[in-house]
Amino acid sequence: MMEKAIELYALENYDFRPVPGHEGGRNLVYICSLNGENRYVLRISALDDRTEEDYLAETEFVRYLARNGAHVADVIPSVRGKAVECMEQDGKTVFFTLFEYAKGMLLSDNGYRYREGASLDEYFYHTGKTLGAIHRLSKQYRPVHRRKTFSEKYTAECIGCLIPDSYADLKRAICRRLEEYKTLPKDPENFGLVHFDFSDGNYHVDLNTGDITAFDFDNCIYCWYMFDLAHLWTHGVGWYRQIRDARQRMACMDQYFGKILEGYRSETDVSEAMLEKLPLFIDMTIIEFVIDEFECCAREGGEPDEEDIGNAVRCLVNDIPYGGFDEEW
C-alpha cells in the first residue's frame, strides 16, 4: 500500500513515521517528512464502514473550509488531481487521502503547558473561535457530496442490534434520548455539518501565536452545532477534575465554557435556548462514546469493559447530568 501511496502523491523522497493507533482507531496514519520538516499526513483507510462518497464528502468539506479562511489542515490532491484515491487489495477497497501537516503541535505533547506568558483563557477563547469559524462556514455550505445525518447513524434499530440485551436499561435510556433529539430544531442556524470529534487530540496549537488548526474530519456528520460545543465541555473537565468541591469544580467549568463561548460568538452565534439544552447534548456525546466503544469491540468480537463504560452507562440510565461531573466526590 505504501508503494501505491508514494506513487499517487509523488512522495519518493519522504520519510514516513507512523502515528501510534489509539484504541478504536480505524485508519493507518503516517507523518510525511522531508529534510526533517513535517509536511503532510497520509491516511490509509481499509475498513468497510465508509464509502467513497463518505470520503469525498469529508474532503469536499475540508477543502471548502480551508479555502474560506477556517484554520484547518487542507487536503492535498494526488498527482492526478483527486482528493481521494483508492485501490483494490485482498477483496477490499483501500482509500488514500493526503492532508497538510497542521501548524503547531498537540498540547498534550507539550505536557498541557500553554504558550509562555499567555493565560489559559486565551487558549480557551482561540479554541471556541476556531470551532465558531467552522460552524459559521458550515451554515453557508452547499455540498455536492453528502455525509450521513445523526438520525441516520443513530437509530433504535442500530442500538438494538449493536448493544446486547444484557444492557437493556442502557438501550432504553439511549432510545428515549433519541426520541427527544427528534424534537430539536433542524434549521440552518442550529443544524449542519459538524466536526463531531473536535477536541485537543484533533487540533494543533501554534505556541508562538496561539492559533489553532483543526484536522481529522473523518467523523464529520450532519448534527446540531451544539454537539461540538458539548464535546468541548466534556473534554474540558480534565482541567478541573482534581478539584474536590463540586460547586467550585462546576464554577471553574462555567468560566472555561464561558471563554469557549466568547471565542465562538466572535465568529457565529448560538442561541440561549440551545445553550440551556447543554446537559442533553452532553448526554449525546456520552451516547456517541458508548456506541463507539461497542462498535470497536464488535470489530474485535467482544464487549466493552465495565471499567471503560461503567460511568457513562450509570449517567445515562439514571439521568445524571454533566456526566456526573457535578456530583460530590
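The values are calculated or read from the model by the stated rules, or taken from the named source; none is laboratory data. Remember, it's a predicted structure, so these values are computed and weren't measured experimentally. Reconstructed Cβ throughout: ideal geometry from the backbone, glycine too, with neighbour counts over all protein chains shown. Surface areas here come from the heavy atoms of the whole protein model, side chains and all, with no ligands, DNA or RNA. Shrake-Rupley method; radii C 1.70, N 1.55, O 1.52, S 1.80 Å.
Things worth noting here:
- Some residue of the range 39-48 being in contact (Cβ under 8 Å) with a residue 60 or more places away in the chain, over 29 Å from residue 205 (Cβ atoms), touching an Asp or Glu at 6+ places or on another chain (Cβ under 7 Å) and not small (Gly, Ala, Ser): no
- Taken together, the residues in the range 207-232 that are farther than 16 Å from residue 150 by Cα and open to solvent by 10 Å² or more (accessible area, probe 1.4 Å) amount to 7.
- Filtered by the rule that a residue be under 17 Å from residue 32 (Cβ atoms), assigned to a loop (DSSP other than H, G, I, E, B) and open to solvent by 40 Å² or more (accessible area, probe 1.4 Å), the range 91-107 gives 101, 103.
- Residue in the range 305-328 that is farther than 30 Å from residue 211 by Cα, acidic (Asp, Glu), in contact with a Pro (Cβ under 7 Å, 6 or more places away or on another chain) and surrounded by 14 or more Cβ atoms within 10 Å (Cβ to Cβ) present: no
- The condition (being open to solvent by 30 Å² or more (accessible area, probe 1.4 Å) and touching a residue at least 40 places away in the same chain (Cβ under 8 Å)) is satisfied by just one residue among 135, 126: 126.
- Subset of the range 25-51 [more than 20 Å from the chain's Cα centre (by Cα), of a type in the set (Gly, Ala, Ser) and not in a loop (DSSP other than H, G, I, E, B)]: 33
- Residue, farthest from residue 192 (Cα to Cα), within the range 146-162, restricted to residues that are open to solvent by 50 Å² or more (accessible area, probe 1.4 Å) and over 17 Å from the mean Cα position of the chain (by Cα): 161
- When residues of the range 240-260 are limited to those that are under 19 Å from residue 280 (Cβ atoms) and free of Cβ contacts under 8 Å to residues at least 60 places away in the same chain, the one surrounded by the fewest Cβ atoms within 10 Å (Cβ to Cβ): 254
- Every residue from the range 159-171 that is in contact (Cβ under 8 Å) with a residue 12 or more places away in the chain and out of contact with any helix residue (DSSP H, G or I) (no Cβ under 8 Å at 6 or more places or on another chain): 164
- All positions within the range 281-295 that are open to solvent by less than 20 Å² (accessible area, probe 1.4 Å) and touching a residue at least 60 places away in the same chain (Cβ under 8 Å): 283, 284, 287, 290, 291, 294
- Filter pass, residue 266 being surrounded by fewer than 20 Cβ atoms within 10 Å (Cβ to Cβ), more than 27 Å from residue 43 (Cα to Cα), in contact with an Asp or Glu (Cβ under 8 Å, 6 or more places away or on another chain) and among the hydroxyl-bearing types (Ser, Thr, Tyr): no
- Test for residue 165: is it among the acidic types (Asp, Glu) and out of contact with any Cys (no Cβ under 9 Å at 6 or more places or on another chain): yes
- Candidate set from the range 108-118 (those that are of a type in the set (Gly, Ala, Ser) and more than 25 Å from the chain's Cα centre (by Cα)); member that is least open to solvent (accessible area, probe 1.4 Å): 118
- Meets criteria (farther than 30 Å from residue 48 by Cα, assigned to a helix (DSSP H, G or I), modelled with pLDDT of 95 or more and open to solvent by less than 20 Å² (accessible area, probe 1.4 Å)) for residue 237: yes
- Which numbered condition residue 199 misses (of (1) under 28 Å from residue 30 (Cα atoms); (2) free of Cβ contacts under 8 Å to residues at least 60 places away in the same chain; (3) open to solvent by 50 Å² or more (accessible area, probe 1.4 Å)): (3)
- Filtered residues of the range 172-184 (kept if within 22 Å of the chain's Cα centre (by Cα) and of a type outside the set (D, E, K, R)): 174, 178, 181, 184
- Among the numbered conditions (1) of a type in the set (Gly, Ala, Ser); (2) out of contact with any Cys (no Cβ under 7 Å at 6 or more places or on another chain); (3) modelled with pLDDT under 95, the only one that residue 117 does not meet is (3).
- Residue within the range 86-98 that is out of contact with any Asp or Glu (no Cβ under 6 Å at 6 or more places or on another chain), farther than 20 Å from residue 199 by Cα and among the acidic types (Asp, Glu) present: yes
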